Amino acid sequence: MTDYIIRDIGLAQYGRKEFDIAETEMPGLMALREEYGADKPLAGARIAGSLHMTVQTAILIETLTALGADVRWASCNIYSTQDHAAAAIAASGVPVFAVKGETLEEYWSYTDRIFQFQDGPANMILDDGGDATMYVLLGARVEAGETDLIAVPTSEEEEALFAQIRKRLKESPGWFTRQRDAIKGVSEETTTGVHRLYDLHKNGQLPFPAINVNDSVTKSKFDNKYGCKESLVDGIRRATDVMMAGKVAVVCGYGDVGKGSAASLRGAGARVKVTEVDPICALQAAMDGFEVVTLEDVAATADIFVTTTGNKDVIRLEHMRDMKDMAIVGNIGHFDNEIQVAALRNHKWTNVKEQVDMIEMPSGNRIILLSQGRLLNLGNATGHPSFVMSASFTNQVLAQIELWTKGGDYQPGVYILPKALDEKVARLHLDKIGVKLSTLSKEQADYIGVTPEGPFKSDHYRY
Ligand code: NAI
C-alpha cells in the first residue's frame with residue numbers, strides 16, 4: 001500500500017529539480033547534513049511534521065532523514081502545499097499527506113496520519129501553528145473524560161477537527177493518551193503556535209518540553225520580516241496582477257510580519273498605511289515613515305488590505321461593507337479568523353481562479369478575497385524564498401536534535417535555543433551572500449564584555 005496522499009506522483013521529477021535549486025540556497029541545512037550526517041543524532045526519532053509542504057520544507061525533511069530520523073508529514077494549511085514538492089517527497093519514500101486545496105476533513109485526517117508510524121507512536125512533533133500538538137493534547141483530554149471540549153463546534157474548522165477526534169477515539173480507544181505520553185518534545189515554528197504553547201504551559205496542560213523556534217532571532221527577525229517582504233507582494237501579484245504602484249495599501253499590525261509586509265508594499269510603489277494597537281509598534285511605524293491610521297478611517301478609500309496581527313476579527317464585516325469596488329483583502333497571519341470570512345458566506349461569491357474570490361457586498365461593490373482569508377503568501381504564491389527558510393529550518397533541526405538527545409534534561413515548558421546556536425545559524429548563511437565578518441581583538445572583546453567568538457549580545461538585546 002502506498003503510504004502517502006498527494007495530488008500526482010507524476011510531478012515528482014519536477015519537484016526534485018526544484019529541490020536541486022533550493023539546496024544551493026539553503027546553506028544552513030546543507031551544513032547540518034555535513035556536520036551531523038555521519039553521527040545520525042536523530043536515529044530513533046519518529047517525527048510527526050505539520051508544516052507547509054513546500055520545496056523548502058522538503059529540504060528540511062531530507063535533512064531530518066539524513067540525520068537519522070523517521071518522518072511523516074502533512075501541511076499546516078489547506079492551501080499551502082506545493083504538489084510537486086509533495087510528490088518528490090512521496091517518491092523518496094517519506095510518507096506525506098498533503099494536497100493543495102484539500103478539505104478541512106482531509107486536513108485533520110492527514111494530521112492524524114502523521115502520527116501513524118508502523119513501528120511505534122511518534123515520539124517528536126515538529127509543528128507550525130500548533131495544530132499537530134493540539135490534536136494530540138485535545139484528544140487525550142477528551143479521552144480522559146472532558147467530552148464537553150468537543151461537544152459544540154463553533155466553526156467549520158472545529159467541526160472537522162472534532163469529527164476526526166471522534167473517529168480516532170472510536171477506532172482506537174486509548175490512542176490519544178498513549179500518543180501523548182510517547183512525545184519527548186515539540187519544536188514550534190511560528191508566533192501563533194508559540195502563543196498556544198505558552199498558554200498550554202500556563203494552564204498546566206503542556207506535558208513535554210517545547211522549543212520556541214520562532215523567537216530565535218534568526219527566525220522571527222528574518223523569516224517573519226524579510227520573508228514576508230518578498231512573499232507578500234508576490235502573492236498579491238500572482239492572485240490579481242494589479243498595478244501596485246500608486247495604490248493605497250493598509251497593513252494591519254506592525255510586528256515582525258507587519259514590518260516585512262509594509263516594506264514589501266512600499267517596495268512595489270504602494271502608498272502604505274499601518275494600523276496598530278501597541279504604542280511602541282505604532283511609533284516604530286510612524287518613524288519608519290508610514291501613516292498610522294485606524295481601519296475605520298481608511299476602509300472606504302484604500303485599495304489593498306492585509307492583516308498581519310495573529311489576532312482575530314481585525315477586518316470585520318462593517319469594514320468590508322465600507323470598501324470601494326474591487327478592494328483587495330488578504331491575510332498573511334497564521335489563521336483565517338483575522339478577517340471575518342464566515343460573515344461573508346451569505347453574500348454572492350464568484351470564484352475567479354484558485355484561491356481568488358470576488359464577493360458582492362450589499363452596496364453592489366465587490367471585494368477580491370485572497371485564499372479565503374488564509375495566509376496569502378502561501379495560498380496565492382509559494383511562500384518565502386529558500387534562503388530565509390534555511391535560517392528558520394536550521395533552527396528547527398537544532399531544536400529537534402536538542403530535544404531528542406537531551407530532552408530528558410528539560411522539564412515541561414517552553415524554551416528558546418541558546419544565543420550561541422542563534423549566532424551559529426546566522427554564521428552559516430554569511431558565505432553564500434559574500435559577507436565578511438570583522439573580528440574582535442581580545443582587548444576589544446574584554447572592553448565590551450564578550451569573548452571574540454561570541455555570543456556578542458546579552459539575552460535581552462532586541463536587535
Ligand atoms: P507580532 O506579535 O510580532 O506582531 C503582531 C502585531 O499585530 C503586534 O505588533 C500587535 O500589537 C498587532 N496587533 C494585534 N492586534 C491588532 C489589531 N486588532 N489591530 C492592529 N494591530 C494589531 O507577530 P508576528 O511575528 O508579526 O506574526 C504575526 C502573524 O503572522 C502570526 O499569526 C504568525 O504566526 C504569522 N506568520 C506568518 C508568516 C507567513 O509566512 N505568512 C510568517 C511568520 C509568521
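The values are calculated or read from the model by the stated rules, or taken from the named source; none is laboratory data. Every value quoted in this text rests on a predicted model; they were computed, and no experiment measured them. With ideal geometry, Cβ positions are generated from the backbone for all residues, glycine too; neighbour counts draw on all protein chains shown. Just so you know, the surface numbers come from the protein's heavy atoms only, side chains and all, with ligands and any DNA or RNA stripped out. Shrake-Rupley method; radii C 1.70, N 1.55, O 1.52, S 1.80 Å.
Brief remarks on what is shown
- Distance between the pseudo-spin-label points of Arg178 and Gln444 (7 Å out from Cα toward the beta carbon): 6.0 nm.
- Accessible area per residue was computed with a 1.4 Å probe on protein heavy atoms; Glu230 scores about 120 Å².
- Phi angles of the range 456-461 translate, via the Karplus equation with coefficients 6.51, -1.76, 1.60 and θ = phi - 60°, into HN-Hα couplings of 9, 9, 6, 5, 8, 5 Hz per residue; Gly and Pro are given as x.
- Straight-line cross-link reach from Lys353 at under 13 Å between alpha-carbon atoms covers these aspartates and glutamates, not counting any fewer than eight positions away in the same chain: Asp241.
- For the residue pairs Lys225/Lys247; Lys17/Lys457; Lys229/Lys348; Lys225/Lys348; Lys170/Lys348, the C-alpha atoms sit more than 29 angstrom apart in Lys17/Lys457; Lys229/Lys348; Lys225/Lys348; Lys170/Lys348.
- Placing dummy labels 7 Å off each Cα toward the beta-carbon, the span from Asp297 to Glu159 is 4.0 nm.
- Cβ-based charge dipole, the chain, positive-most Cα from Tyr198, Phe387, Thr65: Phe387
- Label point 7 Å beyond Cα of Glu146 along Cβ direction - residues of the range 185-223 with amide nitrogen under 14 Å: 197, 199-208
- In order along the range 97-110, phi translates into HN-Hα couplings of 10, 6, 9, 4, x, 4, 7, 5, 4, 4, 3, 6, 5, 5 Hz, rounded to whole numbers, per the Karplus curve 6.51 cos²θ - 1.76 cosθ + 1.60 with θ = phi - 60° and x for Gly and Pro.
- Area accessible to solvent at Phe222, 1.4 Å probe radius, in Å²: 80
- Two-site label geometry, Ala43 and Thr24: point separation in nm, points 7 Å out along Cα→Cβ: 3.4
- Apportionment of accessible area to carbon and sulfur, the chain, percent (1.4 Å): 52
- A Förster distance of 25 Å, applied to the separation of the beta-carbon atoms of Asp288 and Asp199, puts the FRET efficiency at 0.20.
- Listed residues Met26, Met243, Met326 arranged by accessible area, highest first, probe 1.4 Å: Met243, Met326, Met26
- Across the range 241-253, computed HN-Hα scalar couplings (Karplus, 6.51 cos²θ - 1.76 cosθ + 1.60, θ = phi - 60°) run 6, 6, 5, 8, 4, x, 6, 9, 10, 10, 10, 8, x Hz from first to last residue, x flagging Gly and Pro.
- Length gained when the stretch Asp313-Asn351 is fully extended (0.36 nm per residue, less Cα-Cα span): 11.3 nm
- Figure legend: label point modelled 7 angstrom from the Cα of Asp119 along Cα→Cβ; residues of the range 14-49 with amide N under 12 Å from it are 43-46.
- Peptides 309-317, 43-51 ordered by average Cβ neighbours within 10 Å, highest first: 43-51, 309-317
- Highest average packing first - 74-86, 350-362, Cβ atoms within 10 Å: 74-86, 350-362
- For Val356, the residues whose modelled amide H falls within less than 5 Å of its own, excluding neighbours fewer than 5 places apart on the same chain, are Ser371.
- Accessible surface calculations at 1.4 Å, restricted to protein heavy atoms, place the chain at 43 Å² per residue.
- Förster radius 51 Å - calculated FRET efficiency between Arg166 and Ala245 (Cβ-Cβ, nearest 0.05): 0.50
- Net length available on complete extension from Phe456 to Lys406 is 15.5 nm, with 0.36 nm assigned per residue and the Cα-Cα distance removed.
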